[in-house]
Every structure is written in structure tokens, then in C-alpha cells.
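So the structure is just underneath, and the comments pick up after that.
The values are calculated or read from the model by the stated rules, or taken from the named source; none is laboratory data. Here the structure is a predicted model, which means the values were calculated and not measured. As a convention, Cβ positions derive from the backbone with ideal geometry for all residues, glycine included, and neighbour counts pool all protein chains shown. The area values use the complete protein model at the heavy-atom level, side chains included, leaving out ligands, DNA and RNA. Shrake-Rupley method; radii C 1.70, N 1.55, O 1.52, S 1.80 Å.
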Amino acid sequence: MKRALLLAAIDPTIGGVLIFGDRGTGKSTAVRALAALLPPMRAVVGDPYNGAPQAGARGQKTHLVPVPVVDLPLGATEDRVVGALDLEKALASGEKAFQPGLLARAHRGFLYIDEANLLEDHLVDVLLDVAASGENVVEREGLSIRHPARFVLVGSGNPEEGELRPQLLDRFGLSVEVATPADLPTRIAVVKRRDAYDRDPRGFCAQWQAADQAIGRRLIAGRKRLAQIETSDAALTRVAELCLHLGTDGLRGELTLMRAARALAALEGAQEILDSHIRTVAPMALRHRLRRNPLDEAGSTVRVERALAEVFGP
Amino acid sequence: MTAPGASATEVPALTPWRIADIAAALLALDGASIGGVSLRAPAGPAREAWLAHLSALRGGAPCLRMPAGIGDARLLGGLDLTATLAMGRPVAERGLLAEADGGVLIVAMAERAGAATAAKLCSVLDAGAVTVERDGIALTIPSRFAIVALDEGIAADERPAAALTDRLALRLDLTALSHREIEPPVFDAESLAAARARVAATIDDETIACLCTAALALGIGSTRTALQAVKVARLVAALAGREAVAPEDAALAAALVLAPRATQLPAPSEEAEAQEPGPEPDSQPQSPPSESDEQAAAPPRDLDEMVLDAAKAAIPAGLLAQLLAAGGRTRARAAGRAGQLQKAARRGRVVGSKAGDLRGGARLDVVETLRSAAPWQRLRRSEAAMAGRNGLIVRREDFRIARYKQRSETATLFVVDASGSSALQRLAEAKGAVRLLLAECYVRRDEVALIAFRKAQAEIVLSPTRSLVAAERALAGLPGGGATPLATAIEAACALADAVRRKGRTPALVFMTDGRANIDRAGRQGRAQAQTDALAAARGLRGEGFNAILIDTSPQPQPQAADIAAAMGGLYLPLPQADAAGVGRAVGLALAAGR
């Protein structure tokens, strides 16, 4: 889970992360913690959409702002998600102004949907549309506005509460399953740490600050290195072989797998994509793209691993 | 159950009311830190007495009540319409969840609350704040409270959403408690005031490890539960007047938090000892378990056993009997229920709004109406000023009505012959068909349920669900073989279909059988009577007007099967060369035709 989030932070074009798993495994906690790890980004002062400074444009004032990690809470109404006529201004002064919504706020950052499988259908439609186009088009109440909305979609949920719509599932670049740790020492460590945090959040954060910063630095270094990672034809062949073997639909699987492997190489400080990188990220990049075979009892993760063993050898 | 001399300290025998009394005290002490309590009991004197006791412990501070069918606007907050109209500018209204800050929220009929409502409660419990993104209002309001989830469910699978109960540390069951068993309370507001000064009781690592071990031994999956036990142990210590958590506090916490969630009996201690040091510590530098286990071999073992014994002693007898009988199936059922509840809360979805008037019971989309009226206010006010009016001016042409898309959702109930006469292979096909339909059920908005019948009875293997995970679990261990109680199966299917219909969904029944009944309604052997009963049951089903399909699974089409299909007014499909995909296709087509 942590690795998937880091990879998506290194290369946002991977296309988001879906985290499915048991209750009480720290899914939300991990996503919310991401905000603190990300280095601040440069944005134009006064731009409601956190616009990136344009190259060559003069006289633009910029400042450093934290990368947004925006929560899409359950029960959010569509007007707050896409933006709508600003009621305040309209009522007070009769002015027709646009009030940006959560999609605008998440631009260049992360949009987090907890319990993604409980999200209202019409909101899912909006998200799919915007995530695909990178642009939010608002046509309501006589407003006609479009603004960029590129964000990394992070969803979490519990599969016992219902299936995720296939279109939305496919839109996530990576998907990870988290299970409750089964071994006692890990469980004890989890409980102890959480208890320590609840008793003294500030002290706890101070204690882990150094470790957090180290991850943050790795992330920055990884981002810088990303462009220099070589994507050899050999690696691409491996990726294609694997996808062919698994019969994934479309080319999104290949692209995601390649990008994720490259991001992992960057994170680990390698020069090029190695087989080990592909092997590590293949399950999370491909497992949600397999055709459901209802008679195959094995989970998709197992099927990916089987294919890995056949393509790469044991 | 307690081995002689195993526990050095006596754990006092706990009557249900004593447990309830302690739970109330813990809630009043610092309920927000432990989430709250799930209280299973019918409305009655015992429940009222407990709620009154809780209120008295909190110094009479009122508890807010959340009604079952609460809407998002009232729950989360949003636009305060009256104030907005009066002031001429948007005014935010606090929802119930924000108002509950610092108090107790009583969730009435929690077993009826949908998964979506439960998820909203959970997010506030987790974040300690209500995040509102509604009707043009964006707010985050800190709110910490304890939840008392009133669970009036009767059937075993009528329970509040698991996501919610997972976050409530305590569970009480006062179902069997009569008002005569109510004892005078031990705690009062004053003793709590003293305890409140000590809520920061310390707990050592040994005890934490011990509670985690006990949770694992009792088969409790969620790590959240172990954490809750730790927190409850702290509060218990504070209540007992201690600065640090003593063994008996940990034991009581185990009895309160762990016991009601147990899914298995702990293995005998020799075995537990042999298993425990299993995972090597080198992967976990933070906690060297085996080392500390050996170092302090004697004391923690006692503590371990004491905690476990306390939990074991507090496991209700009925729970264990259920566990042993169900062999782990209870979990899958509960999961299926969650998927079902989620949809029960849905009443068509809002797909936007349109200009229109309010005749014919249309629902006004208030916010959109205001939005359409807003830009004209300055103009209208200047007109109205002449007529001597002020305030917000909304005209008829501003009215926007909400458009709902209501679509009756289908629940497909598979009724599968698992008897010896129907080959086992058929069962596999039925399972495959269920999975197939589930895999595409999001698109079709279907739920799927499975009833299997064999020997003398029909069993609901899978309650109506949309969750593939729940289905996989339920289907995995379905046995086959035995006689064919067709009449009983049809009646069970009829009852389930009726329950589905009462939830506002359209049931569709798919029978997979060769139609050769040999057990009658009363459970006796005999072909003739069994067939007569089956036909009678089938006619009863027709009387209810359910949509039914009968798939004949025998190698050659059977007249009996066709008769039963005719009696239930259903479609007869001889499908000798069936496979899962074939069944799925046939059902899909038949259902589409029936719509």
C-alpha cells in the first residue's frame, strides 16, 4: 500500500491507487499521511486552481503551497464536487460568480475517496469523466466554465460492502489489497504505535519526523531521477509478454505496468528498469484488469503471480 | 472453565447488568475515545433503565437521538433554508453529527441504517470532525462523541453494519434481561468525577501484548479491537482508582471488548505456548516478542491466562453454541447482509433538477431553486421596494424540482437442488452462474441469493447480496447429496422472495432441479405426497405473483419438472447440457423478457 502510494506520487500519470481491504488496516491513515511526505509545489498566487507557473510568463507571482490531498466525503453533493454558482455572491450582490469545487481544489494533487464503493452513481460518472479528460467542464445555472483538474485518484473500500463499478475499477492505475496482519508481533506493534499516537499525537509525530523526512527525500530524489530512467526494449518486451499472457483488455495495463516499474526504479535509485522492478509492481498494476473468470477459484493476485513465474521463470 | 490456581486474582462474576453498568460508566467517563457501544435489546424496561442510568452518569446531560431514516441534510448539515431566506445570504446549518460534539449520539434502530449512513458515522468517529461539502457549503466542524447503537434486530443476521460496530469498543446484549434483574448501580456521577482525573492511566507493553494475544487466540481479526481493549483497560483502571493498568483491569477489558467478538475458542494453553513464538522477530525490530516472552516467562503467562480466562468466562453460552453449529458461516452471512442494507437505504437517485412546478407531489430542489433565483435578487428587490417588500424574492419560474431515477432493482434468488438425484455437477454450475451474475451485477443493479435444498431442509446459503466476496465465502463449502425436499424449498424461496419484495425490490426466482421430490412438507419420505406438496407450494408461489424460472437439470426433460414450472406460472427451461455460462445467459434472457 505504501509503495503504491509512493509510486503514484513519483509519477502521477500512473493513474491513481485503489486500496481494498479489511476494516481497521489503516487504509485511510496511510493516504492521509501522504500529504505530510510530499514536497511543496510552486503555484501562481491567487489562482483558484493552484495553477502551475507558466514557463516564460513574466510578472507572475508564485509561491510554494502544500500539495493538496483533498477528501471527497460521503454525502458530498454534486455542486461541491464540480463547483457551482457561488450562492453567497449571487444572493448578496446578484453577481454571477463560480465557486470552485473539490475537483478544482485537488488539481495537481490527490483526490481521496474513502469507501469508494459507496459513492453515489452520478458522482462516479463525474469523476470518471474528469479523470479521463483532466478537465472539469461545468455547465449549470447559466455558468459555462472549464478548468484543468488533473489529480491522482486514491480510493479505498471494503469489498464486503459491495463491488466497485468496473469502469471505475479500470480507471485506477494500481490496486492493492491490504489484509489484517496475522502475526502477533506485527499486531502488537500496530496497537502500541496507535496507542502512543492517541495519547500524545505531537510527541509521536516528532518521534517519527526524521523517518518521514527520509521518505520525503527519497520521493524527491525519485521524481528527479524519473526522466533519466532508461526504458529498454527488453523491459518493454517483458511487460508486453506478461500482459499478453494474462490477456488484459486494452493497452492500459501495459502502460501502467511500464510506468509503475519505471517509478519503482527511480525510487530505488536504479538506472534502468530491471526484471525485479516489473515483478514487484506487476500484481498491483494488473490484478484488477483481469477478466473475471467465475470458475477459477484462485484470486487475481495468484493468477498474476502464476503468469510471472511462467514469463520470468521461478 | 478456569483451571484451579490459574488466576491469582479473582475476576468477579459478572451479571449482564453489572457489565452494562460498567459499560455505562466507561461511556460516561470518556466514551468518545472508545467509540461507543452497540446495544442489542428490544425497546423495553431494561433498555430504558440503562439509557436513564447512562444519562444520570453524565450528570443528566441529554443524549441526542438519531432516527433511523435520517437524511443527509439533517445528519451532516447543509444550507439552513429559513435563515438563508431571512438573511438573504447563505447560512450554514449544523447537522446532528456536529451537534453531538462532546456528548452521546443514540442511533435508533441501528440495524436498519444503511451502509452509507453507517459509513458517514464511521468517518466522523475516525476523523473526530464532520466534513461538509454540500449545497455550496464547505465546512469542517470538530465533533467527538460516543455512539450508542440501539440494535433491535431479531434474526441473527439483522445487525448494524459491521463497519460501525467494528468501531464501537463495547457490545451489550440485554435481550434476555428482565427488569427484575436490574441491580442498583455501582457507579454514580461523583465516583466518575474522581475517575475522570485519572483517565491517563498508564499501561505497560506486557499488558498490551497480552491483550493482542488474547484477541488473536479468540479469532478476532481486526487490530482495531485489540486497540480498543487497550483503551478500555485504561478507563477501567481509572474507574478502579488506579494510576496504572492492573492485571484485573486488563482481564475486565478482555471480558468487555474481546469476549463478545470471539469467533473461536482459544486453543489449550500448551498448544498456544508451542505456537506463539512462531514469527521471527528480526522482521520487526520495534517489538522483540520471543525475547521478552522468555525473559519474563512467568508473570506474563499468568497474565495471559488470566486475560484469556476472563474473556472465555464472559463469552455468552449462546454465542459459542452458534459458533460451533455454524462452523464459521455466520461471518459470511453478516457480510451478505451488509451489501443488502446498503441498497435498502436507496430510494432512486437524484439525477439533477429541472424547472417545473410543484403539483403532483414533486420534490422541490431547494438549493437549485435558490441558485436560479439568486442572480435576479437585486433587480427584483428594486422592483419590490416600490411594493414595500423585502427579503429574498423567489418566483414561480425559479422553482426547480428534483428528478429522481427510480428503478426497481432485481434480486435473483437461485434455488438449487443439492440432493443426490441432482448431480453434484449441477451444484457447481449453479455456483458458477451465481458468480457470473454477481460479477456483472453492478451494471444490472442486481442482487443474488442462493438457497440450497437437500436431505430434509432448505438452507439460505447466501442472503441477497451484491458482494462477490461474501458469495465466494458462502459458496465455498456447500455440500451435496441426500433426498429432495422440494416443497420445503419452494416455501423457503417464497418467504425469502417476500422479504425481498418488502424491501422494495423485485424478486426473480430461479429453480434448478429435476423436479423429483421425495420428501414431503412434513419431512416424511414418500414420492407421491412429496410431489403433491411440491405442486401445492408451487401454486402458492404463483398466487404471490413472483417471476419464476425452472431450469430442468435432469439429463432428459422430466414431466414432473414441467408440471411444477406450470404450477408456479414460471418459465420451463430444459437445459440438459448446461454450464455456468449457459445458465447465466438463460437467466439473463428470461429475466430481460420478464421485465
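Can you say whether A:GLY24 is surrounded by 19 or more Cβ atoms within 10 Å (Cβ to Cβ), touching a Leu at 6+ places or on another chain (Cβ under 6 Å), within 11 Å of chain B (Cβ to nearest Cβ) and not in a helix (DSSP H, G or I), as far as the supplied structure shows?
no
Quick grid of which residues meet (1) under 30 Å from B:ARG242 (Cβ atoms); (2) touching a residue at least 12 places away in the same chain (Cβ under 8 Å):
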{"position": "B:GLU99", "(1), (2)": "no, yes"}
{"position": "B:GLU133", "(1), (2)": "no, no"}
{"position": "B:ALA146", "(1), (2)": "yes, yes"}
{"position": "B:PRO160", "(1), (2)": "no, yes"}
{"position": "B:THR175", "(1), (2)": "no, yes"}
{"position": "B:HIS179", "(1), (2)": "no, yes"}
{"position": "B:PHE187", "(1), (2)": "yes, yes"}
{"position": "B:ARG196", "(1), (2)": "yes, yes"}
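Have a look at B:ALA214, B:ALA201, B:ALA238, B:ALA250 and point out the one that is open to solvent by less than 10 Å² (accessible area, probe 1.4 Å), within 26 Å of the chain's Cα centre (by Cα) and within 14 Å of chain A (Cβ to nearest Cβ).
B:ALA214
With respect to A:GLY142, is the statement that it is touching a residue at least 12 places away in the same chain (Cβ under 8 Å) and either under 28 Å from A:ALA260 (Cα atoms) or away from chain B (no Cβ under 14 Å) (or both) true? Break it down into steps so the answer makes sense when it comes.
On the way: touching a residue at least 12 places away in the same chain (Cβ under 8 Å): yes; either under 28 Å from A:ALA260 (Cα atoms) or away from chain B (no Cβ under 14 Å) (or both): no.
Criteria not met by A:GLY142.
How about the stretch B:84-99: which of its residues are within 12 Å of chain A (Cβ to nearest Cβ), over 15 Å from B:ALA374 (Cα atoms) and of a type in the set (A, V, I, L, M, F, W, C)?
Matches in the stretch B:84-99: B:ALA92, B:LEU97.
Among strands (runs of 3 or more DSSP E) lying entirely in the stretch A:40-109, which contain 3 or more residues that are more than 11 Å from every other protein chain (Cβ to nearest Cβ)?
A:41-44, A:62-65
Testing B:SER467 on (1) surrounded by fewer than 20 Cβ atoms within 10 Å (Cβ to Cβ); (2) within 14 Å of chain A (Cβ to nearest Cβ), one condition comes back false. Which one is that?
It is condition (1) that B:SER467 fails.
Going through the stretch B:397-411 one residue at a time, which ones are modelled with pLDDT of 75 or more and open to solvent by 80 Å² or more (accessible area, probe 1.4 Å)?
Within the stretch B:397-411, B:GLU397 is the sole residue that qualifies.
Could you check the stretch B:448-507 and list, in sequence order, the residues that are touching a residue at least 60 places away in the same chain (Cβ under 8 Å), outside any strand (DSSP E or B) and within 18 Å of the chain's Cα centre (by Cα)?
Selection gives B:ARG466, B:SER467, B:VAL469, B:ALA470, B:ALA471, B:ARG473, B:ALA474, B:VAL500, B:LYS503.
Working carefully through the options A:ASP86, A:ASP11, find the one that is acidic (Asp, Glu), touching a Phe, Trp or Tyr at 6+ places or on another chain (Cβ under 7 Å) and crowded, with 18+ Cβ neighbours inside 10 Å.
Sole residue among the options that is acidic (Asp, Glu), touching a Phe, Trp or Tyr at 6+ places or on another chain (Cβ under 7 Å) and crowded, with 18+ Cβ neighbours inside 10 Å: A:ASP86.
Within the group B:ALA209, B:ALA113, B:ALA189, B:ALA162, which residue is open to solvent by less than 30 Å² (accessible area, probe 1.4 Å) and in contact with a helix residue (DSSP H, G or I) (Cβ under 7 Å, 6 or more places away or on another chain)?
Values: B:ALA113 fails: in contact with a helix residue (DSSP H, G or I) (Cβ under 7 Å, 6 or more places away or on another chain); B:ALA189 fails: open to solvent by less than 30 Å² (accessible area, probe 1.4 Å); B:ALA162 fails: open to solvent by less than 30 Å² (accessible area, probe 1.4 Å).
The unique qualifying residue is B:ALA209.
Say whether the condition of being more than 14 Å from every other protein chain (Cβ to nearest Cβ), in a loop (DSSP other than H, G, I, E, B) and at negative phi is met by at least one residue in the stretch A:29-39.
Yes: the stretch A:29-39 contains one or more residues that are more than 14 Å from every other protein chain (Cβ to nearest Cβ), in a loop (DSSP other than H, G, I, E, B) and at negative phi.
Considering B:LEU85, B:LEU81, which residue is open to solvent by 40 Å² or more (accessible area, probe 1.4 Å), touching a helix residue (DSSP H, G or I) at 6+ places or on another chain (Cβ under 6 Å) and more than 30 Å from B:ALA162 (Cα to Cα)? Steps first, answer last, please.
Working: B:LEU85 fails: touching a helix residue (DSSP H, G or I) at 6+ places or on another chain (Cβ under 6 Å).
The unique qualifying residue is B:LEU81.
Counting just the residues of the stretch A:158-183 that are more than 8 Å from chain B (Cβ to nearest Cβ) and within 20 Å of A:HIS122 (Cα to Cα), which one comes out surrounded by the most Cβ atoms within 10 Å (Cβ to Cβ)?
Looking at the filtered set, the residue picked out is A:PHE172.
When you check A:THR186 against the structure, is it open to solvent by 20 Å² or more (accessible area, probe 1.4 Å), of a type in the set (Ser, Thr, Tyr), at pLDDT below 90 and in contact with a Pro (Cβ under 8 Å, 6 or more places away or on another chain), yes or no?
Yes.
Got a sec? Which of B:ARG180, B:ARG198 is of a type in the set (Lys, Arg) and in contact with a helix residue (DSSP H, G or I) (Cβ under 8 Å, 6 or more places away or on another chain)?
That would be B:ARG198, the only listed residue that is of a type in the set (Lys, Arg) and in contact with a helix residue (DSSP H, G or I) (Cβ under 8 Å, 6 or more places away or on another chain).
Checking B:ARG454 against (1) of a type in the set (Lys, Arg); (2) at pLDDT below 80; (3) more than 30 Å from A:ARG289 (Cα to Cα), which single condition isn't satisfied?
Tallying (1) of a type in the set (Lys, Arg); (2) at pLDDT below 80; (3) more than 30 Å from A:ARG289 (Cα to Cα), B:ARG454 fails exactly one: (2).
With the structure loaded, tell me whether B:ILE519 is closer than 24 Å to B:GLY584 by Cα and open to solvent by less than 20 Å² (accessible area, probe 1.4 Å) or whether it fails that test.
In short, no.
Taking the stretch B:198-208 on its own, how many of its residues are without any contact (Cβ under 8 Å) to a residue 60 or more places away in the chain and in a loop (DSSP other than H, G, I, E, B)?
Of the residues in that region, 5 qualify.
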